[in-house]
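The values are calculated or read from the model by the stated rules, or taken from the named source; none is laboratory data. Please read all numbers here as calculations on a predicted model, not as lab measurements. Positions of Cβ are generated from backbone atoms using ideal geometry, with glycine treated the same way; all protein chains shown enter the neighbour counts. Heads up: the accessible areas ignore ligands, DNA and RNA and are worked out on the full protein's heavy atoms, side chains in. Shrake-Rupley method; radii C 1.70, N 1.55, O 1.52, S 1.80 Å.
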Amino acid sequence: MTITPSNATANLNQWLETRTGPYSYGYANQLAWGRVRNVSSIFNNNTTQDPAAGPRTPHYQFVPHASPDILPTGEAILSLGLGVVTVSSRGCVSLNSNDPFDIPIIDPHI
């Protein structure tokens, strides 16, 4: 599909009038989770243990997102978000004072 400025305008008008069309699809319509393989060299030494909650818990997630009307040149784009869902650092959050409006002390322990 070739995207032109008139298509983008038509899609925007469709959204404004009926709340349907390409602008109604939301941020992402697919998610994917994955794990580092158990035989990976990162887990082969005795100093690094798997930080996941269990043997089937993911380490990361992918969020693919296609945005056909983003660019004014009519080109479609695909973006890919990546998030770490199992972290190995165990930081802490502490109160800075007894005032609930004070900013807390955040130590990510990285």
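If you check ASN38 against the conditions, is it open to solvent by 80 Å² or more (accessible area, probe 1.4 Å), at pLDDT below 75 and either more than 22 Å from SER88 (Cα to Cα) or in a loop (DSSP other than H, G, I, E, B) (or both)?
So ASN38 fails the test.
If SER79 satisfies all but one of (1) in a strand (DSSP E or B); (2) open to solvent by less than 50 Å² (accessible area, probe 1.4 Å); (3) at pLDDT 80 or above, what's the number of the condition it fails?
SER79 satisfies every listed condition except (3).
When the residues of region 89-110 are filtered to those that are at pLDDT 90 or above and of a type in the set (Ser, Thr, Tyr), which remaining residue is surrounded by the fewest Cβ atoms within 10 Å (Cβ to Cβ)?
So the residue we want is SER94.
Could you say which residue among ALA10, ALA32, ALA53 is modelled with pLDDT of 80 or more and open to solvent by 90 Å² or more (accessible area, probe 1.4 Å)?
Only one candidate passes the filter, namely ALA53.
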